[in-house]
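Novice: The structure follows.
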Amino acid sequence: MLDQLVGKWLMQGTIAGNETRHDIEAKWVLGHYYLQLNEVSREMTVDGEPEYEATVLIGWDDTSDQYVCLWLDNTGGSGLSSGVIGRAKREGNQLPFVFRLPDESIIYNTFTRDPDNDTWEWLIDSEENGQRKIFARVKLIRQ
């Protein structure tokens with residue numbers, strides 16, 4: 001399934017209530033064990049830097065029979081130290097990743113592939129104190 005995510009994409013939609021456009025490049029790395037996504041927003045800061053950047057690694061965990069995901073971005077430097085790894089069991093054309101954070105909040109990021117249109121959709125929600133809230137609704141279009 002991840003082979004279908006390899007390539008260059010335009011991601012567009014709404015994140016935190018704001019319309020946005022990001023460029024994403026996905027490629028296999030480290031002996032084809034991990035799919036690496038490099039995501040960069042087209043929106044810039046006053047300093048001319050991208051407002052958002054992320055490096056995402058997705059792999060397969062044989063022990064748990066699940067996809068695993070490490071998401072590192074420029075919203076903070078604790079991505080490695082917090083040890084948060086998202087996990088997903090494939091459900092048809094979906095990878096519903098769940099990230100359980102140290103503060104007991106949860107991030108849900110469901111990757112859904114539309115094979116008829118060769119697109120992907122990411123639905124990202126957060127949950128705090130049992131309250132689930134929409135964070136992002138974006139679509140990836142192949143470039």
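The values are calculated or read from the model by the stated rules, or taken from the named source; none is laboratory data. Fair warning: this is a prediction, and the values are worked out from it, not measured in the lab. FYI the Cβ positions are ideal-geometry reconstructions off the backbone, even for glycines, and counts take in every protein chain you see. Just so you know, the surface numbers come from the protein's heavy atoms only, side chains and all, with ligands and any DNA or RNA stripped out. Shrake-Rupley method; radii C 1.70, N 1.55, O 1.52, S 1.80 Å.
Novice: Can you list the aspartates and glutamates whose alpha carbon is less than 16 Å from that of K89, not counting same-chain residues fewer than 8 positions off?
Specialist: D61, D62, D65
Novice: Taking H placed 1.01 Å from N in the peptide plane, check which residues at least 5 places from F97 or on another chain put their amide H under 5 Å from its amide H.
Specialist: Amide H to amide H, under 5 Å and 5 or more residues apart or across chains, F97 pairs with N109, T110, F111.
Novice: Then there is this: Using 10 Å bins from zero, what percent of all Cα-Cα pairs in the chain falls into each bin?
Specialist: Reading the bins upward from 0: 11, 41, 39, 9, 0.
Novice: What number, in percent, do you get for the relative contact order of the stretch 26-143 if the mean sequence gap of Cα pairs under 8 Å and at least 6 apart is divided by its residue count? It would help to have the intermediate numbers written out before the result.
Specialist: Details: 236 pairs, mean separation 14.4, N = 118.
Rounded, it is 12 percent for the stretch 26-143.
Novice: State, to one decimal in nm, how far the label point of E25 lies from the label point of L72, with both points 7 Å from Cα in the Cβ direction.
Specialist: It works out to 1.7 nm between the two label points.
Novice: Would you report the distance distribution of C-alpha pairs in the stretch 11-91 as whole percents per 5 angstrom bin, up to the bin with the largest distance?
Specialist: P(r) for the stretch 11-91, in whole percents per bin: 3, 13, 18, 22, 20, 13, 6, 3, 1, 0.
Novice: Taking R0 as 25 Å, what FRET efficiency do you get between T112 and T55 from their Cβ-Cβ distance, rounded to the nearest 0.05? Don't skip to the answer; put the middle values down first.
Specialist: Details: r = 22 Å, r/R0 = 0.87.
E between T112 and T55, to the nearest 0.05, is 0.70.
Novice: Taking a label point 7 Å from the Cα of Q143 along the Cα→Cβ vector, which residues of the stretch 1-41 have an amide N closer than 15 Å to it?
Specialist: Only 6-13, 20-27, 37-41 pass the distance filter.
Novice: Can you give the accessible area per residue of the stretch 77-143, in Å², using a 1.4 Å probe?
Specialist: Numbers: 4180 Å² over 67 residues.
Ligands and nucleic acids excluded, the figure is 62 Å² per residue.
Novice: For the stretch 8-52, what mean projected area does the convex hull of the alpha carbons give, in nm²? Show your work: numbers first, answer last.
Specialist: Details: hull surface 15.8 nm².
So the mean shadow area of the Cα hull is 3.9 nm².
Novice: How many nm is it between the label spots at R87 and R42, if each spot is 7 Å from the Cα in line with the beta carbon?
Specialist: Computed distance between label sites R87 and R42 equals 3.8 nm.
Novice: Compute the distance from the alpha-carbon center of the stretch 81-143 to that of the stretch 18-76, in whole Å.
Specialist: Between the Cα centre of the stretch 81-143 and that of the stretch 18-76, the gap is 13 Å.
Novice: Shifting gears a bit: For the stretch 1-66, what is the accessible area per residue in Å², given a 1.4 Å probe and the full set of protein chains? Kindly include the intermediate steps, with their values, before the conclusion.
Specialist: Numbers: 3820 Å² over 66 residues.
Heavy-atom accessible area per residue stands at 58 Å².
Novice: Moving to a separate point now. With a point put 7 Å past each Cα toward its Cβ, work out how far N18 is from Q94 in nm, to one decimal.
Specialist: Rounded to a tenth, the inter-label distance reads 2.9 nm.
Novice: On a straight-distance basis, which aspartates and glutamates could pair with K27 in a cross-link, Cα separation under 13 angstrom, same-chain partners fewer than 8 positions away excluded?
Specialist: Correct list for K27: D3, E39.
Novice: Leaving out ligands, DNA and RNA, and with a 1.4 Å probe, what % of the accessible surface on the chain is carbon or sulfur? Working shown, then result.
Specialist: Numbers: 4020 of 8480 Å².
Heavy-atom surface of the chain belonging to carbon and sulfur, 1.4 Å probe: 47 percent.
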